[in-house]
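Student: After the C-alpha cells below, expect a handful of questions from me.
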C-alpha cells in the first residue's frame, strides 16, 4: 500500500514539474483573521523571486495538526508550514523536518531575530528545524472599570485573584440573576493555558510526576473550587473555547480572562480603555504562563528546499514579518520590526514583556499533543463537573507523560 | 415420419452468442461500480481490520508491530469504551424512534389537502438538505448559555430561573444533541412515509368508511400496513446512519464535557485522527462494526428480498 501511495504522490509531485520548470512551494498556515494579507506577501515574494511560485493554503486551526500529520504519512505534505514547538518531537520522530542550521548560518536576517528565540526553538538534538515567525505570552485581561468601581487592585497572587473574582461575580441589575462572572475560564481545547497559570507555577510542580504532589493537586483543586464552590466562572465554562471566553469578556459577562496580545485590538474596539492587562497571578510561590510560539519550517519531502527556505526566511525578515503579524495580531520576531511596532496598544505589549521571565513552552514530548487535544480537556471537564477528583485528573496527566 | 427441421450450425451460433451476451453484459456494466466499491469501501475495511491487529501510531510510521487481539482485550477494560457504548445505545434508541414518529406525524399532515401544500412539502425538506456542520453550529448557538435563544425564551416565560448551559452540563449535553439530530433527520422519514401513503389506493379508505370504520381503525388497518414496508426499510437505514453519524456531535461538543457525548464512532475517530493511534482506533471501529452487523444483515436480507 505504501508503495502505491508513494507512486501516486510521486506522480502528483511530478505533475507541476512537467507543466512548468518553475518551482512551487506549497505552504500551510493558519490565520483566524479574515483580513488576510497573505496574497500581498506572496505577490511581493514572487516579484522579488521570479521562478518560485507560492501556493499558500490557510488550513483551519482546529484540525491543523491532524491534517498535517496525515498529509505527511500520506506522502502529500506541504513543502513548508507554520509550526509550534509542541509538535517538534512528533515531527522529528516522523523524520518530516529539514534541519535549517546551514541555511540560518548563511542568512543575512539572522542577527535581526530577537535574542533568545533561537535558543527557545532549538531541538533536543541541538539542531534548528524551526525559524521563529511570531510570539506571544499569555497574561491576565481585566476590566479596569469594574475593578475601580469595586475598589479592587489587579490581583498579584492566587488568593487576591480569588477574592477579586468572588467580588466581581454579581447581579448588576437587581433581577436576581448573575450578570457578570469573575473569570472566563477556558474548559475546552487549549484551556490548559488557564489551568497551567493556577497550577504549574506552584513550587516543584511541572507536567510530570510532580503533578500528583500536594502542591500539584492543590492547583487543580483551586480551579475546581472557583467553579464549584465560588461559582465565579460562567456555567458554560467546561465547554468554552476561544470564541466563548473572548465573546463573554467583550460583552461584560466576565470581568477577567487569560489570553494574549492577539485579542487586544478586538477587545479595545469593543471596550476601549475599560480593558487592561497584568501578568498572571503568582500561585503557590511561583508564576507560570504559556509562551505562545510560532515558527515556520521546511519539510523533508519538499521538492525544492532552497525555494522553501527562501520563502520562510522572507516571512521572518524586516517589514514582511510586521505585515505577517499585523494579520495574526501577535508580535514580530525581528528586532527592527519590534522597535517600530505600533499595531497594539502599549499596555498589552508591556504586559507581554513583563510575562516573558516566567513564560514557558510545553514539554518537548510526544505526549504533549495528546495532552493538549484530549487528555487535558476531557479530564478538566470531568473534574469541573464533579465526575473525578483533582488528584485523579492530575494522575491521568502524569501517567500520560510517564508513558512516553 | 415427419422430420423436425434441424437448424444448421450457422444459425445456432448467433443465438448462443446473444444468450451469452445477455449474461455477460450486465456483469460487464456492473463491474466498474463493483470495482470502485471494492477499492473505496472493501479495501479500507480490510485495511482497518489488519491495522487493528497491530500497534500503529501515525507519528511512528516505521513501527508496525503485530499484537494480535491486544487492542480488543484492551477495549473490554477501557472505561471510555463502555461509556461510549452506553451513549451509542441511548443515541440510537431515542433518535431513531423520535425521528420516525415526528416523520410519521408530518407525513400524515402533508398528505391532507390544504392550500400551499406543495410549498409546505418542499420546505419540510430543509433540515435534511442543510449540511450537518451548519446545523451543528446553528444549534450550538441556540443552546448557548449566555446568548442562546432557547435560554432566553425559557427565562422570559418563567420556566427557568437561571440559564442552563445545555451543552456544558453532562446531564443535558447528549439529549440536547439528540434533539438536534431528531430535527435534522425527521424530514427523511416524512418524505419516505409520504411516498408510502400516496401508494395506498383511495378506494380502500372509501370501502372502509362505507363499512363504518373510524379514522383510527382506518389508520391501524389500512395506513399502517400500507406504509409498513417503507417504514421498516427507513428505520433500518436510518439506524445505520444515525449510529455512524458523529459530525454533529463533533462540531457541537467534540465529545465533551468530559466523555458526556462520546459515542463509539466519535471515540474511534478521536483516537485515530486526533491522537493518531490508528491501531486502537481501528480496533474500536471494528468492534463497533461487529456490533452493528446484525442490523446491517437484516437490511441486506430485506434489500435482497425486494430484488427478488
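No lab work stands behind these numbers, since they all come straight from the coordinates. In this text the structure is predicted, and so the values were computed from the model without any measurement. Note: ideal-geometry Cβ built from the backbone for every residue, glycine included; neighbour counts use all protein chains shown.
Student: Provide the gained length on full extension for the span residue B:120 to residue B:157, in nm with one decimal, where the gain is 0.36 nm per separating residue minus the Cα-Cα distance.
Tutor: Working it through step by step, the gained length comes to 10.4 nm.
Student: Set the Förster distance to 51 Å, then compute FRET efficiency between residue A:268 and residue B:31 from the Cβ-Cβ distance, nearest 0.05.
Tutor: With a Förster radius of 51 Å, E is 0.20.
Student: To continue, here is another question. Helix-derived [θ] at 222 nm for chain A: sum -39500 (n - 2.57) over DSSP H runs of at least 4, divide by residue count, nearest 500?
Tutor: Calculated at 222 nm, the ellipticity per residue is -12000 deg cm²/dmol.
Student: Now, a different point. Over the Cα atoms of the stretch B:173-228, what radius of gyration and what Dmax do you get, in Å?
Tutor: Taking only Cα atoms of the stretch B:173-228, I get Rg and Dmax of 15.9, 51 Å.
Student: Using a 10 Å cut-off around each Cβ of peptide A:232-241, what is the average number of partner chain Cβ atoms that fall inside?
Tutor: 6
Student: Based on the Cβ-Cβ distance of residue B:216 and residue A:40, what FRET efficiency does E = 1/(1 + (r/R0)^6) give at R0 = 45 Å, to the nearest 0.05?
Tutor: According to the calculation, E is roughly 0.05.
Student: Quick one: check the C-alpha center-to-center distance for the stretch B:151-229 versus the stretch A:237-286, whole angstrom.
Tutor: That distance is 45 Å.
Student: Expressed in nm to one decimal, what extension gain is obtained for the pair residue A:61 and residue A:153 from 0.36 nm per residue of sequence separation less their Cα-Cα distance?
Tutor: So the chain would gain 29.5 nm between residue A:61 and residue A:153.
Student: Quick one: P(r) of the protein assembly as shown from all Cα-Cα pairs, 20 Å bins, percents rounded to integers, in order of increasing distance.
Tutor: 14, 41, 31, 10, 2, 1, 0
Student: When all alpha-carbon pairs of chain B are counted, what percent fall beyond 30 Å?
Tutor: 54 percent
Student: Here is a follow-up. Where does helix A:390-403 land angle-wise versus the long Cα axis of chain A, in degrees 0 to 90, nearest 10?
Tutor: Approximately 20 degrees, to the nearest ten.
Student: Relative contact order for chain B: what percent, with Cα pairs under 8 Å and sequence separation of 6 or more?
Tutor: The normalised contact order for chain B reaches 27 percent.
Student: Can you list the equivalent-ellipsoid semi-axes of the stretch A:263-319, largest first and in whole Å, using the square root of 5 times each Cα gyration tensor eigenvalue?
Tutor: Equivalent ellipsoid of the stretch A:263-319: 38, 20, 9 Å, largest first.
Student: Counting partner chain Cβ atoms within 10 Å of every residue's Cβ in B:156-165, what's the average?
Tutor: 2
Student: Ok, one more. Which value in nm describes the separation of the simple spin-label points at residue B:108 and residue B:19, placed 7 Å from the Cα toward the beta carbon?
Tutor: 5.5 nm
Student: Sorted from fewest to most neighbouring beta carbons within 10 Å, what does the list A:249, B:269 look like?
Tutor: Least to most surrounded, the residues fall as B:269, A:249.
Student: Here is a follow-up. Remind me, relative contact order of chain A in percent, using alpha carbon pairs under 8 angstrom and six or more residues apart?
Tutor: Answer for chain A is 26 percent.
Student: Stokes-Einstein D for chain A at 37 °C, 0.692 mPa s, Kirkwood Rh over Cα pairs, in µm²/s?
Tutor: 146 µm²/s
Student: Quick check on the stretch B:51-151: what are the equivalent-ellipsoid semi-axes from the Cα gyration tensor, as sqrt(5λ), descending, whole Å?
Tutor: The three semi-axes for the stretch B:51-151 are 44, 19, 16 Å.
Student: When the chain is fully extended, how far beyond the present Cα-Cα distance does residue A:48 get from residue A:243, taking 0.36 nm per residue of separation?
Tutor: Result: 66.4 nm gained on full extension.
Student: Provide A:26, B:60, A:202 in ascending order of the number of other Cβ atoms located within 10 Å of each residue's Cβ, fewest first.
Tutor: Fewest-to-most ranking of A:26, B:60, A:202: B:60, A:26, A:202.
Student: Using per-residue counts of other Cβ atoms within 10 Å, averaged over each peptide, order A:363-371, B:205-213 from highest down.
Tutor: A:363-371, B:205-213
Student: Let me know the mean shielding of B:248-258 by other chains, meaning the per-residue number of their Cβ atoms within 10 Å of its Cβ.
Tutor: Taking the mean over all residues of the peptide, I get 5.
Student: Would you work out the relative contact order for the stretch B:27-145, in percent, from Cα pairs under 8 angstrom that are 6 or more residues apart?
Tutor: This gives 9 percent for the stretch B:27-145.
Student: Rank A:149, A:46, A:163 by mean-square fluctuation in a GNM of chain A with C-alpha springs under 10 angstrom and give only the top-ranked residue.
Tutor: A:149
Student: Here is a further query. Suppose R0 equals 30 Å. What FRET efficiency, 1/(1 + (r/R0)^6) with r the Cβ-Cβ distance, do residue B:38 and residue B:233 give to the nearest 0.05?
Tutor: 0.75
Student: How do B:144-152, B:117-125 rank on mean C-beta neighbours within 10 Å, highest first?
Tutor: B:144-152, B:117-125
Student: With every atom except the alpha carbons ignored, what do you get for Rg and Dmax of the stretch A:246-404, in angstroms?
Tutor: Every Cα atom of the stretch A:246-404 included, Rg and Dmax give 19.3, 54 Å.
Student: Related question: How are the Cα pair distances of the stretch B:9-51 distributed, in percent, across 10 Å bins from 0?
Tutor: 25, 27, 20, 16, 10, 2
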